[in-house]
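Everything below concerns the one structure shown next.
The values are calculated or read from the model by the stated rules, or taken from the named source; none is laboratory data. Owing to the predicted nature of the structure, the values given are computational and were not obtained by experimental measurement. Here the Cβ is made from the backbone with ideal geometry for all residues, glycine too, and neighbour counts use every protein chain on show. Each accessible area value is taken on the protein alone, full model and side chains, heavy atoms only, with ligands, DNA and RNA left out. Shrake-Rupley method; radii C 1.70, N 1.55, O 1.52, S 1.80 Å.
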2 protein chains.
Amino acid sequence: MARLSLNQKTTDRWSVAEAVAGCVRAGLPSIGLWREPVQAIGVPTAARLVADAGLRVSSLCRGGFLTAADPARRRRALDDNRRAVDEAAELGAACLVMVVGGLPEGSRDLAGARERMAEGIAELAPYAAGRGVRLALEPMHPIFCADRGVLSTLGQALDLAERFPAEQVGVVVDTFHVWWDPDVLGQIRRARGRVASFQVCDWITPLPPDALLSRGMMGDGHIDFPLLRRAVEQAGYAGDIEVEIFNAEVWAADPDAVVATLARRYVTHVLPD
Amino acid sequence: MARLSLNQKTTDRWSVAEAVAGCVRAGLPSIGLWREPVQAIGVPTAARLVADAGLRVSSLCRGGFLTAADPARRRRALDDNRRAVDEAAELGAACLVMVVGGLPEGSRDLAGARERMAEGIAELAPYAAGRGVRLALEPMHPIFCADRGVLSTLGQALDLAERFPAEQVGVVVDTFHVWWDPDVLGQIRRARGRVASFQVCDWITPLPPDALLSRGMMGDGHIDFPLLRRAVEQAGYAGDIEVEIFNAEVWAADPDAVVATLARRYVTHVLPD
């Protein structure tokens, strides 16, 4: 379990302190943090909790939401992203995950939203570099294209990331988002040196009614995890493997039991060659 | 409305006879048929109903489901597809829509399923050509990759279709399935001479709870229809534009009212330049 990280969204009802303690109890060496629970206790307190526990911060979720056309909203989004960069720096996070945002209310201009997203990344990348924070562009499953992430494929994310130095802008490979892509293995090869985060959870059927909570525990669905893990490793990624599951049933369960299950499934379903 | 076609799944409770009559009442010149309601009255009767009404058959839905690994299942699937080809020929359908199938029960071998799908198409294409039927490969939204269609992008569909003469194997451009694709316009250009069917319905949010019934009426969602219609026309497609909506609310409504709405929305949301 030397590379296993708990994304704290998987145990949604735990505070940062509880999630940190849960990781320690289960022997996990790393945690993926979210901004809202971090802000609830203050960034310095969160940073101290994590450091005192000896955990790594595999990622901070999340920056992004850069698709607004309205200038005032756009400015607010950029300001908020700069704050997210500052927080990631203070937490010593390996990267800041960027969920780029969907179509603005009432808009059908997908190409325009994608352009504004790219412009936003271009504006933020130097700021992040100045603070030693790596932006991690997260291609999202096309199910979220309209309302959450207009970055839809790993290829598209790399087209954008490659405009910047690899240490400034990388990509997230999240199995849930990319497993279906006929070109996923080729794009992971292309991502050599750019994989900033590797996240795992499963695609389950029937898909749960709420698309946002449709992720499954590894082994409960259709994804070949060893295939994708080997691919990211062959592309040079040796960082943490973060388990991030949004799922009403998982959230309703006892968080310690969830961590125990994911640690077991990590061994049986992610690690095997 | 010279090119507007009612896919009969949009008015799911109508029989073939009722759907044909509904098209005539509304002034639609074309209909997309499904095998099950056609079989319910027999193919010759369905063919006569459509011919007597002077309608075109823009497509027959559907062949496919070619991903089984088990030899007996595979043989049954191929036999059933040959019957579907025969039915499409007898109905004079412009194409047979191929929904290629998902992962077999319990399998995580997506690459294997895709290979078997391609082998199945290779086996069926000459048979279809011998009967004057064009196979129309339908790339499906990645939301359906696990359980319905491992053909996930227009590019992937064209990679396969291009192994065959264009009059034997074409592709379906269904706005719901392809609208999110960052490369959709480039792939539609590449599809010149290969677009066998153009289907429209909208991507709505929040996504309805049942993924299979998540399609919306044009104008209710996020898709830029004129953009995609112009692209398929510039790629040489001058055939019918089929409205295919799987949606519990649409199915619950009076079918004549649904046809009236879709005809109006076609004019206001699909046709404008």
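Counting, for every residue in B:141-152, the Cβ atoms of other protein chains within 10 Å of its Cβ and taking the mean gives 5.
May I ask you to derive the relative contact order of chain A, considering only C-alpha pairs under 8 Å and at least 6 residues apart, and to give it as an integer percent? Could you put the intermediate results ahead of the total?
Working: 550 pairs, mean separation 52.5, N = 273.
Here the relative contact order equals 19 percent.
Restricting attention to the stretch A:4-270, close to 10% of DSSP beta bridges with both partner residues there are antiparallel. Legend: residues in the stretch A:101-119 shielded by at least 20 square angstrom of accessible surface upon adding the remaining protein chains to the isolated chain (1.4 Å probe, heavy atoms) are A:L103, A:R108, A:L110, A:R114. The accessible-area loss of the stretch B:181-206 on complex formation, taken against its chain alone with a 1.4 Å probe, reaches 10 Å² or more at B:P182, B:W203, B:T205.
Determine the percent antiparallel among the DSSP beta bridges restricted to the protein assembly as shown, to the nearest 5. Can you show the working numbers first?
Numbers: 6 of 64 bridges.
Antiparallel bridges: around 10 percent, rounded to the nearest 5.
When shorter helices are ignored and each DSSP H run of at least 4 residues is given -39500 (n - 2.57), the per-residue value for chain A at 222 nm works out to -12500 deg cm²/dmol. The order of B:D181, B:D147 by accessible area, most exposed first and with a 1.4 Å probe, is B:D147, B:D181.
What is the magnitude of the charge dipole of the protein assembly as shown about its Cα centre, with +1 placed on the Cβ of each Lys and Arg, -1 on the Cβ of each Asp and Glu, and no other charges, expressed in debye to the nearest 20? Let's see the in-between values first.
Values: 60 positive and 70 negative charges, 161 e Å.
So the magnitude is around 780 debye.
Under 10 Å, Cα contacts only: if you run a Gaussian network model on chain B, which one of B:R56, B:R76, B:R114 comes out with the highest mean-square fluctuation? With Cα springs under 10 Å in chain B, the top fluctuation among B:R56, B:R76, B:R114 is at B:R76. Across A:D202, A:D80, A:D254, mean-square fluctuation computed from a Gaussian network of chain A (C-alpha pairs under 10 Å connected) peaks at A:D254.
A 1.4 Å probe run over the stretch A:4-270, with the rest of the protein chains in place, finds 36 Å² accessible per residue.
Counting only whole DSSP H helices of chain A, the ones at least 18 Å long by C-alpha along their axis and with mean Kyte-Doolittle hydropathy no lower than 0.0 are A:110-130. When the accessible areas of B alone and A alone are added and the area of the pair subtracted, with a 1.4 Å probe, the result is around 2200 Å², both sides summed. Extents of the protein assembly as shown, taken as max minus min of Cα coordinates on every principal axis and listed largest first, are 81, 54, 39 Å. Between copies, the label points at B:R13 (set 7 angstrom from Cα along Cα-to-Cβ) are spaced 4.2 nm, reported in nanometres from shortest to longest. The coefficient of translational diffusion for the stretch B:4-270, derived via Stokes-Einstein from the alpha carbon Kirkwood radius under 4 °C and 1.567 mPa s, stands at 70 µm²/s.
Amide H contacts for B:S197 (H built 1.01 Å from N in the peptide plane; partners 5 or more residues away or on another chain; cut-off under 5 Å): B:V171, B:V173. Bridges between two residues of the stretch A:106-217, per DSSP, are antiparallel at a rate of about 20%. Given a 1.4 Å probe and every protein chain left where it sits, what share in percent of the accessible area of chain A is carbon and sulfur? That fraction is 51 percent.
The stretch between A:A111 and A:E36, if pulled fully straight at 0.36 nm per residue, gains 24.0 nm over its current Cα-Cα span.
For the stretch A:56-101, what log10 I(q)/I(0) values come out of the Debye formula at q = 0.13, 0.20 1/Å, with one point per alpha carbon and no solvent? For the stretch A:56-101, the Cα-only Debye profile gives -0.29, -0.60.
Once you sort the root eigenvalues of the Cα gyration tensor of the stretch A:57-172 as a ≥ b ≥ c, which label holds: rounded (a/c under 1.5), prolate (a/b larger than b/c) or oblate (the other case)?
Numbers: a/c = 1.77, a/b = 1.41, b/c = 1.26.
In terms of gyration-tensor shape, prolate.
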